Structure formats: C-alpha cells, structure tokens
Amino acid sequence: DDNDAAPTLAIQDASLVEGDRNSQPLLFTVTLDAPSGQTVQVSYATADGTAVAGVDYTAVSGVLTLVPGQTSGTISVPVLGDLLPEQNETFIVLLSSSQNATLGRSQGIGTIVDNEPATPEPPDPPEDPDYLVYLPVVVRP
C-alpha cells in the first residue's frame, strides 16, 4: 500500500580476519525493518578510518537495490591481505540518498582483524659502559 509509512534502512557492522595475500570480501548487511511494496534504493560509499583505501581495502561506491518484498541486501568491500604485523584497522560504509525508505543506522564500521603476530621490541642494549661486543675477524692470505 502506497500510504504505509516508509520502512527504515540500517547497515550492520562487519569484521574479517585479514588474509596474507589477494583480497577477501567483507560483507555488510543492509536491512529494512519491514517489507516494502516498492523498490528501495540507497547509495553507499566507503571512507577511510584507520584503514586506508588502496592499501588495506578497495574503495567501493554504488547503489544497493532491494526489490519489493526483499528485506536485506549486502554490500561487498574487498579487503587486501598483507604480511605486515599491525593493529586492527577500521573503515566506514556510509549510506545516503535513500529512495522509498528512511535512513536509520547509516554508518557501518568494517574492522580488519590483523592475522600476523605482533613484532616484539628488540631488547635495549645493556647499561654497562664497559660492555663490549667482540666480532670475529677472518683474514685470508
């Protein structure tokens, strides 16, 4: 019925353990709180947080379409694998310009969970000023 209140869109947070190479899709679920008799569309785009587009993930933007009766859809963001030990990193998927629905939760946080072990700090040199390190020297005739 066209006189019903428009349903509300919401995006969920998502996380993924980073791979060592290539890319893996991080899937964000977008939901409607009620089925609609109309086609619902919403624009989306990624934005950097501590994760950087082109280094940690591939920036995406576009329009998500939900056909009448459909109550959820997904947005896929490629996460780029690496071998660097680093902190977990985040980026945002932002929803905007919805048609036939109102925007509820419009920001989804994507967390890239690092899979490399943290690199231990090297030990400090001894405080003893008389501490010497001897290196062998090989002399060949």
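The values are calculated or read from the model by the stated rules, or taken from the named source; none is laboratory data. Since the model is a prediction, treat every value here as computed from it, not as a measurement. Cβ sites come from the backbone with ideal geometry, for glycine too, and all protein chains shown count toward neighbours. Accessible surface is based on the protein model in full, side chains and every heavy atom, while ligands, DNA and RNA are left aside. Shrake-Rupley method; radii C 1.70, N 1.55, O 1.52, S 1.80 Å.
Among the residues of segment 45-57, write down those that are loosely packed, with under 14 Cβ neighbours inside 10 Å and of a type in the set (Val, Ile, Thr).
Residues of segment 45-57 loosely packed, with under 14 Cβ neighbours inside 10 Å: 47, 50, 52, 54-55.
Thr50, Val52, Val55, listed by residue number.
Being outside any strand (DSSP E or B) and under 17 Å from the mean Cα position of the chain (by Cα) is the filter here; which residues of segment 60-82 pass it? Walk me through how you get there before you give the answer.
Our first condition is that a residue be outside any strand (DSSP E or B); within segment 60-82, this holds for 60, 67-71, 81-82.
Scanning segment 60-82 gives Val60, Gly81, Asp82.
Applying the selection to segment 81-95, what residues are farther than 17 Å from Gln12 by Cβ and without any contact (Cβ under 8 Å) to a residue 60 or more places away in the chain?
So the first thing to find is which residues in segment 81-95 are farther than 17 Å from Gln12 by Cβ, and the list is 81-89.
Across segment 81-95, the qualifying residues are Leu84, Pro85, Glu86, Gln87, Asn88, Glu89.
Could you tell me how many of the residues in segment 91-107 are of a type in the set (S, T, N, Q), over 18 Å from Ser36 (Cβ atoms) and open to solvent by 70 Å² or more (accessible area, probe 1.4 Å)? Let's see the steps before the verdict.
Within segment 91-107, the first condition is being of a type in the set (S, T, N, Q), and the residues that meet it are 96-100, 102, 106-107.
Still in the running and over 18 Å from Ser36 (Cβ atoms): 96, 107.
Next cut, open to solvent by 70 Å² or more (accessible area, probe 1.4 Å) only: 107.
So the answer is 1.
Output yes when any residue across segment 114-122 is in contact with a strand residue (DSSP E or B) (Cβ under 8 Å, 6 or more places away or on another chain) and either at negative phi or exposed (fewer than 14 other Cβ atoms within 10 Å of the Cβ) (or both), and no when none is. Spell out the reasoning first.
Of the residues in segment 114-122, the ones in contact with a strand residue (DSSP E or B) (Cβ under 8 Å, 6 or more places away or on another chain) are 114-115.
Filter once more, so that each one left must be either at negative phi or exposed (fewer than 14 other Cβ atoms within 10 Å of the Cβ) (or both): 114-115.
Yes, some residue in segment 114-122 is in contact with a strand residue (DSSP E or B) (Cβ under 8 Å, 6 or more places away or on another chain) and either at negative phi or exposed (fewer than 14 other Cβ atoms within 10 Å of the Cβ) (or both).
Assess whether Leu132 counts as being surrounded by 10 or more Cβ atoms within 10 Å (Cβ to Cβ), in a loop (DSSP other than H, G, I, E, B) and modelled with pLDDT under 95.
On the way: surrounded by 10 or more Cβ atoms within 10 Å (Cβ to Cβ): no; in a loop (DSSP other than H, G, I, E, B): yes; modelled with pLDDT under 95: yes.
Here the answer is no, as Leu132 does not meet what is asked.
If you scan segment 1-31, which residues turn out to be open to solvent by less than 30 Å² (accessible area, probe 1.4 Å) and in a loop (DSSP other than H, G, I, E, B)? Quick ask: steps written out before the conclusion?
From segment 1-31, those open to solvent by less than 30 Å² (accessible area, probe 1.4 Å) are 7, 9-11, 14, 18-19, 26, 28, 30; that's our starting set.
Hits for segment 1-31 are Pro7, Glu18, Gly19.
Regarding Thr46, is this residue free of Cβ contacts under 8 Å to residues at least 40 places away in the same chain and within 15 Å of Glu89 (Cα to Cα)? Give the steps one after another, and end with the answer.
Details: free of Cβ contacts under 8 Å to residues at least 40 places away in the same chain: no; within 15 Å of Glu89 (Cα to Cα): yes.
The answer is no for Thr46.
Only one of (1) open to solvent by less than 20 Å² (accessible area, probe 1.4 Å); (2) part of a loop (DSSP other than H, G, I, E, B); (3) within 20 Å of Ser98 (Cβ to Cβ) fails for Ala34. Which number is that?
Among (1) open to solvent by less than 20 Å² (accessible area, probe 1.4 Å); (2) part of a loop (DSSP other than H, G, I, E, B); (3) within 20 Å of Ser98 (Cβ to Cβ), the lone unmet condition for Ala34 is (1).
So is Val42 within 28 Å of Asp114 (Cβ to Cβ) and either among the aliphatic types (A, V, I, L, M) or surrounded by 15 or more Cβ atoms within 10 Å (Cβ to Cβ) (or both) or not? Show your work before the answer.
On the way: within 28 Å of Asp114 (Cβ to Cβ): no; either among the aliphatic types (A, V, I, L, M) or surrounded by 15 or more Cβ atoms within 10 Å (Cβ to Cβ) (or both): yes.
No.
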